[in-house]
Amino acid sequence: MNNEHVAKKKFGQNFLKDRSVLYKIVEAMPNNDNIIAEIGPGLGDLTKFLVDVKSVVAFEVDTDLCQYLNREFKEEITTGRLTINCGDVLEAWQSELLDEPYDLVANLPYYIATNIILKALADPHCGNLLVMIQREVAEKFSAAPGEKNFGALSVIAQTVGEAEIVVHVPPEAFDPAPKVDSAVLLIKKTASRNDEVFELMLKTAFTQPRKTLHKNLSARYDKEKVRAALEQLGLSPSIRPHQVSTADYHQLYKLLENI
Ligand code: SAM
């Protein structure tokens with residue numbers, strides 16, 4: 001089956017074959033007592049490494065792959081080292097994916113990667129994320145203020161912890177090769193997303209990234225109030241959204257929402 005499985009595009013199936021990247025993922029795993037949640041184990045190449053280190057609960061949408069994994073990991077499943085949930089992870093995921101502390105370690109399906117990361121950042125049981133995703137998306141989550149990719153996703157990541165890129169991965173590391181570059185992103189959480197209004201403010205702040213922050217925020221808040229808040233924080237009225245730090249976004253939020 002391993003060699004027979006035809007990758008299904010609709011499920012974002014690009015299997016990671018480069019062992020050096022698999023080693024790097026395992027090396028970067030946070031050292032703690034959390035179990036592992038793996039989304040999209042696929043043909044189990046990463047899963048093999050993960051079950052060697054920790055207990056794993058995996059979610060796989062493709063029923064053909066579920067059958068294959070159930071055969072391939074019979075022993076680990078019998079001993080309880082590995083649990084495989086067959087189905088769409090987004091349907092299984094209520095506010096918590098698992099009922100105990102876990103780290104998410106996965107080569108994610110790219111078509112839902114941002115959604116999955118945002119859900120994990122909101123999930124109080126998720127401690128850390130170590131995920132292979134499209135490089136462009138990884139750069140958005142890990143950008144620092146002042147960098148061109150710094151946006152709402154960067155502020156959200158910095159609000160709940162620290163984000164960094166562990167390694168860049170070229171298309172040739174996968175079979176079939178994806179059309180985009182990839183990267184492994186590590187987010188170490190110290191808190192979870194829990195403020196929708198703050199995130200609505202961020203969305204407004206970055207609506208038109210090249211316009212001034214003052215102009216963008218004035219679509220949601222009184223123009224004069226925005227001007228006064230920027231002045232109070234010593235921020236220029238012509239500052240662009242990507243030039244403002246996460247700490248200043250939190251201060252702006254307090255001033256604009258009278259918190
Ligand atoms: N982990 C494997 C590897 O590294 O080779 C496969 C990674 S592949 C990029 C993504 C995997 O996610 C596929 O196995 C795909 O079937 C699975 N998948 C796609 N959508 C899913 C969903 N909604 N829920 C659970 N698994 C999903």
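The values are calculated or read from the model by the stated rules, or taken from the named source; none is laboratory data. Since the model is a prediction, treat every value here as computed from it, not as a measurement. So basically every Cβ, Gly included, is an ideal-geometry build from the backbone, and we count neighbours across all protein chains shown. Protein only, heavy atoms only, side chains kept; ligands, DNA and RNA dropped before computing areas. Shrake-Rupley method; radii C 1.70, N 1.55, O 1.52, S 1.80 Å.
If you average the C-alpha positions of segment 127-168 and of segment 194-231 separately, how far apart do those two centres end up, in angstrom?
Centre-to-centre (Cα) distance: 21 Å.
Taking just the alpha-carbon atoms of segment 132-196, what radius of gyration and Dmax come out, in angstrom?
13.0, 40
Give the list, by residue number, of cysteines in the chain with no other Cys Cβ closer than 4.7 Å, or say none.
Result for the chain is Cys126, no neighbouring Cys Cβ within the cutoff.
What length, rounded to one decimal in nm, is gained on full extension from Ala177 through to Phe11, with 0.36 nm per residue of separation minus their alpha-carbon distance?
58.3 nm
Quick one: Karplus J couplings for segment 96-105, per residue in order, coefficients 6.51, -1.76, 1.60, θ = phi - 60°, nearest Hz, x for Gly and Pro?
Coupling constants for segment 96-105: 10, 6, 10, 8, 8, x, 9, 10, 8, 10 Hz.
Could you give the accessible area per residue of the chain, probe 1.4 Å, as a whole number in Å²?
That works out to 50 Å² per residue.
Provide the percentage of antiparallel DSSP beta bridges, counting only those with both residues in the chain; round to the nearest 5.
The answer is about 50 percent antiparallel.
Amide H of Leu185: which non-local residues (sequence gap of 5 or more, or other chain) have their own amide H closer than 5 Å, using H built in the peptide plane?
Val131, Met132, Ile133, Val166
Shape of segment 196-257 from its Cα gyration tensor (a ≥ b ≥ c, root eigenvalues): rounded if a/c is under 1.5, otherwise prolate when a/b > b/c, or oblate?
Because its axes are fairly even, with a/c under 1.5, segment 196-257 counts as rounded.
Under a straight-distance cross-link criterion of Cα-Cα below 17 Å, which lysines are reachable from Lys10, leaving out those fewer than 8 residues away in the same chain?
Lys179
Excluding residues fewer than 8 places away in the same chain, name every one of the aspartates and glutamates whose C-alpha is closer than 12 Å to that of Lys140.
Correct list for Lys140: Glu164.
Residue by residue through segment 125-142, what is 3J(HN,Hα) from phi via Karplus (6.51 cos²θ - 1.76 cosθ + 1.60, θ = phi - 60°)? Round to whole Hz and write x for glycine and proline.
Result, ordered by residue: 7, 7, x, 9, 10, 10, 10, 7, 9, 4, 4, 4, 6, 4, 5, 5, 5, 9 Hz.
I need the Debye-formula profile for segment 1-108: one equal scatterer per C-alpha, no solvent, reported as log10 I(q)/I(0) at q = 0.11 1/Å, two decimals.
-0.32
Output wanted: per-residue J couplings in Hz (rounded whole) for segment 12-25, from phi through Karplus 6.51 cos²θ - 1.76 cosθ + 1.60, θ = phi - 60°, x for Gly and Pro.
Per residue, the Karplus-derived 3J(HN,Hα) values read x, 7, 10, 7, 7, 10, 6, 5, 5, 6, 4, 4, 5, 5 Hz.
Determine by what factor the alpha-carbon radius of gyration of segment 2-189 differs from 2.2 N^0.38 Å, reporting the quotient.
Ratio of Cα Rg to 2.2 N^0.38 Å: 0.97.
Lysines within cross-link reach of Lys48: Cα-Cα under 24 Å, excluding same-chain residues under 8 positions apart?
Straight-distance partners of Lys48: Lys8, Lys9, Lys17, Lys24, Lys74, Lys188.
Name the residues whose placed amide hydrogens come within less than 5 Å of the amide hydrogen of Phe174, ignoring near sequence neighbours (fewer than 5 apart) on the same chain.
Amide H neighbours of Phe174: Lys17.
With charges only on Cβ, +1 for K and R and -1 for D and E, what is the dipole size of the chain about its Cα centre, in debye, rounded to 20?
About 1140 debye.
Amide H to amide H, which residues 5 or more places from Asn85 or on other chains are under 5 Å from it, using H placed in the peptide plane?
Those lying under 5 Å, H to H, from Asn85 are Ala58, Phe59, Glu60.
If packing is taken as the average count of other Cβ atoms within 10 Å, what order do 127-140, 189-202 fall into, highest mean first?
Highest mean packing first, the order is 127-140, 189-202.
Label points 7 Å out from Cα along the Cβ direction at Thr114 and Glu196: separation in nm?
Going from the Thr114 label point to the Glu196 one covers 1.9 nm.
Which residue fluctuates the most in the chain, going by a Gaussian network model with Cα springs under 10 Å, if the choices are Leu69, Leu186, Leu46?
Leu69
Would you please name the GluC sites (Glu not before Pro) within segment 1-97 that are DSSP coil residues with at most 11 other C-beta atoms within 10 Å of their C-beta?
Passing both the DSSP loop test and the Cβ count: Glu4.
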